[in-house]
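Only one structure is covered here, and it is reproduced in the block below.
None of the figures in this text is laboratory data; all of them are computed from the coordinates on show. Everything numeric here is computed off the predicted structure, so don't read it as measured data. Glycine also receives a Cβ, built like all others from the backbone with ideal geometry; neighbour counts cover every protein chain displayed.
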Amino acid sequence: MLTRRHFSLAAAAVVAGLGFGTSLSPALAATDIKFTLDWKFEGPAAGFLLALDKGYFEAEGLNVTIDSGNGSVEAIPRVATGAYQMGFGDINSLIKFLDEDPEQKISAVMMVYERPTFAVVGRKALGITEDPKSLEGKKLGAPPPDGAFAQWPAFKQVAGIDDSAITIESIGFPVREPMLAQGAVDAVFGFAFSVILNLKAQGVPDDDIATILMAEHGLNLYGNSVLVNTDFAAENPDAVKGFLKALAKGFADAVADPAAGVAAVIARNETLSPEIEEERLKMAIAMNIKTPYVVENGMGGIDPDRLAASIETLKISMGLKGNVAAERVFDASFLPPKEERLLP
């Protein structure tokens, strides 16, 4: 969409060109990037939106548009097909995607959730505790496209869960928390910061919520990362580098001032509660974004050995054929220097 500011800049450039007998320089043309989030405009999206609202993308010569998503898995084909040049999605599902077809035009270029948000969240009133074995004999609600549910085969193995008496009920995202609040299921799969706060919005008190974080019970995986269409990256390497540089600034701002980050989110959805979204953002920062590894090494990078080990784990959870290596999944060459990726 042509904004007033873009129109003014273009008009000024044309006038200048006419005055000096020159044409509009191609260098002034911004590179368009359509970016898809993994989910709705909620607190954890603050870093992306601050980078846009504060002009960090524009300063890198980029014209970025950000759309909401329908799940951390669905962002992957959006980017691979080129419908979106870049996006935000689950790296484990990306690994599965590439294992099925290594020729797909997509790779990860920046890790955002250094620890995955995967969780099983239940109610203590229904017999669920923070012990994974409390899930035995229970009914669990699982949205089929959910990234956490995708890890169930590996998680139940590493956590020593006997699933012989567990019932898995397929449910949609919109009814996930309402069904748990009503007691129709005992626990649900999902991203911890989303399920917990959505449950509270349904009237479930804090002291009745039991959260089982998979990363704390043996599932050593990565979480969501920035994705890029590889054809786009090959043709526009500087644009991808500029995007990640701008994004690092946006996330640093969100960590430094969560309230400002939430204001950027609320501007896209005024029906949200600022208090709830700030709590959601702070949870994501503490659990997934500003981890000890990130504090030491900066946001965005990965440990290649750990990623390779996670691929071995995914052979259990996702039935990988072994067609993809860590270096095919994650390309660190577009990341800015460490000092530009440190979080406050």
So which GluC sites (Glu not before Pro) in region 253-344 are both in a DSSP loop and have at most 10 other Cβ atoms within 10 Å of their Cβ?
E270
Short version: ³J(HN,Hα) in whole Hz for each residue of region 114-123, in order, from phi by Karplus 6.51 cos²θ - 1.76 cosθ + 1.60 (θ = phi - 60°), x for Gly and Pro, what are they?
4, 10, x, 8, 4, 8, 10, 10, x, 10
Quick calc, region 126-265, dipole around Cα centre from Cβ unit charges on Lys, Arg (+) and Asp, Glu (-), nearest 20 debye, gives 220
Would you mind telling me the antiparallel percentage of the DSSP bridges in region 118-217, rounded to 5?
60
Residues meeting the amide H criterion for I33 (H placed from the backbone, H to H distance under 5 Å, 5 or more places apart or on another chain) are N63, V64, T65
Normalised convex hull volume, the chain, alpha-carbon set, Å³ per residue
133
Please name which of M318, V204, A239 has its Cα lying farthest along the dipole of the chain towards the positive end, using unit charges on Cβ (Lys, Arg +1; Asp, Glu -1) and the Cα centre as origin.
A239
Which one of L343, G190, M287 is farthest out on the positive end of the charge dipole of the chain, using unit charges on Cβ (Lys, Arg +1; Asp, Glu -1) and the Cα centre as origin?
L343
Return the equivalent ellipsoid semi-axes of region 31-119 as a descending list in whole Å, where each equals the square root of 5 times an eigenvalue of the C-alpha gyration tensor.
22, 16, 11
Check which residues have an amide H placed less than 5 Å from G141's amide H, if you skip close sequence neighbours.
E169, D186, A187, V188, F189
Using the Cα centre as the reference, give the magnitude of the dipole from point charges on the C-beta atoms of region 241-344 (Lys, Arg: +1; Asp, Glu: -1; all else neutral), rounded to the nearest 20 debye.
380
Going from the alpha-carbon gyration tensor of region 201-344, what semi-axes, largest first and in whole Å, does one get by taking the root of 5 times each eigenvalue?
28, 24, 15
Distance between the C-alpha centers of region 50-92 and region 128-183? Whole Å please.
29
Mean projected area (nm²) of the alpha-carbon convex hull when region 118-217 is viewed from all directions:
5.3
Given unit charges at Cβ for Lys, Arg (+) and Asp, Glu (-), the dipole magnitude of the chain about its Cα centre in debye, nearest 20, is 400
Give the relative contact order (percent, whole number) for the chain; include only Cα pairs under 8 Å separated by 6+ residues.
27
From the phi angles alone, apply the Karplus equation (6.51, -1.76, 1.60; θ = phi - 60°) to region 173-185 and give each ³J(HN,Hα) in whole Hz, x where the residue is Gly or Pro.
4, x, 9, 4, 5, x, 5, 5, 4, 7, x, 6, 9
Using modelled backbone amide H atoms (1.01 Å from N, in-plane), which distant-in-sequence or interchain residues come within less than 5 Å of S107's amide H?
V228, T230
Computed ³J(HN,Hα) along region 199-209: with the Karplus parameters 6.51/-1.76/1.60, θ = phi - 60°, integer Hz and x for glycine or proline, the list is 5, 4, 5, 7, x, 7, x, 3, 6, 9, 9
